[in-house]
Amino acid sequence: MAEGQQRISTRERQAGGGPEWLTLGQAATYLGVAQSTVRKWSDSGRLAAFYTPGHHRRFRRGDLDDFLSGSRSTPLRGTPVVLVVDDDERLREFVRVNLEMDGYSVREAANAEEGLAALEEEPPDLILLDVMMPGMSGYEMLQAVQDRHGVGTIPVIMFSGQAEESPERAAERGAQAFLGKPVDPQMLIESTKQLIRAARA
């Protein structure tokens, strides 16, 4: 009996059973993205997936953790670098994962001070910058970036949930684009790609 149970347990692990394994829906929730996005990543080979005898996808929790953190390595030569400065960790993670899937290198900062430090380590091709953050505001960081690197040298996309903020005000301060919150992450990603393509054209 014990041997039979052991064989069943082994088959369950191979088929994706057990607490270490997640279904497609659970993996999507874990990563904070849509199920279709997880399918795309697994179909392209970027995210390891295993299949049950019934051809259902299963994802190992450790692989998901590696996927979220493993691509923060040193970017390849010529890879566009994006710096995301926002105190919303989930938004930073969503933007990073999606941009990295398309070949971008992404660095994160939880506030303006961290953003300026990251900027000195490696000037990015573009900055995604939240207006409202604890301590130094996004506009104060934008001014510091301009003082150090020149106005318009590094394209900046500002975003904010404050009603009084506007694209006009952001443009006056030197930002190349502005998005109001709740930010559509996909629009933020598309705006990033467009600005980087234009800057490299």
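The values are calculated or read from the model by the stated rules, or taken from the named source; none is laboratory data. Just so we're clear, the structure is a prediction, and the values are computed from it rather than from any experiment. Note that each Cβ is placed from the backbone with ideal geometry, even for glycine, and that neighbours are counted across all protein chains shown. What goes into the accessible areas is simple: the full protein's heavy atoms, side chains included, and nothing from ligands, DNA or RNA. Shrake-Rupley method; radii C 1.70, N 1.55, O 1.52, S 1.80 Å.
Put simply, of 134, 167, 123 the only residue that is closer than 29 Å to residue 41 by Cα and not hydroxyl-bearing (Ser, Thr, Tyr) is 123.
Being buried (at least 19 other Cβ atoms within 10 Å of the Cβ), closer than 27 Å to residue 28 by Cβ and either β-branched (Val, Ile, Thr) or modelled with pLDDT of 85 or more (or both) is not true of residue 131.
When you check residue 175 against the structure, is it modelled with pLDDT under 85, among the hydrophobic types (A, V, I, L, M, F, W, C) and closer than 20 Å to residue 91 by Cβ, yes or no?
no
For residue 79, which of the numbered conditions (1) in contact with a Phe, Trp or Tyr (Cβ under 8 Å, 6 or more places away or on another chain); (2) part of a loop (DSSP other than H, G, I, E, B); (3) modelled with pLDDT of 90 or more fails to hold? Single failed check for residue 79: (3). Across segment 29-46, the number of residues qualifying as farther than 15 Å from residue 94 by Cα and open to solvent by less than 50 Å² (accessible area, probe 1.4 Å) comes to 1.
Residue-wise test of (1) more than 27 Å from residue 191 (Cβ to Cβ); (2) open to solvent by less than 60 Å² (accessible area, probe 1.4 Å); (3) in a strand (DSSP E or B); (4) at pLDDT 85 or above.
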| site | (1), (2), (3), (4) |
| --- | --- |
| 53 | yes, no, no, no |
| 62 | yes, yes, no, yes |
| 92 | no, yes, no, yes |
| 106 | no, yes, yes, yes |
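Within segment 1-28, the set of residues being part of a helix (DSSP H, G or I), at pLDDT 80 or above and surrounded by 13 or more Cβ atoms within 10 Å (Cβ to Cβ) comprises 24, 26, 27, 28.
I need the full set of residues from segment 121-161 which are without any contact (Cβ under 8 Å) to a residue 24 or more places away in the chain and of a type in the set (D, E, K, R), in order please.
121, 147
All conditions in (1) assigned to a helix (DSSP H, G or I); (2) out of contact with any strand residue (DSSP E or B) (no Cβ under 9 Å at 6 or more places or on another chain); (3) surrounded by 15 or more Cβ atoms within 10 Å (Cβ to Cβ) hold for residue 136, with the sole exception of (1).
When residue 154 is tested against (1) under 20 Å from the mean Cα position of the chain (by Cα); (2) modelled with pLDDT under 75, just one condition goes unmet, and that condition is (2). For segment 142-162, filtering for residues that are closer than 23 Å to residue 198 by Cα and open to solvent by less than 80 Å² (accessible area, probe 1.4 Å) leaves 12.
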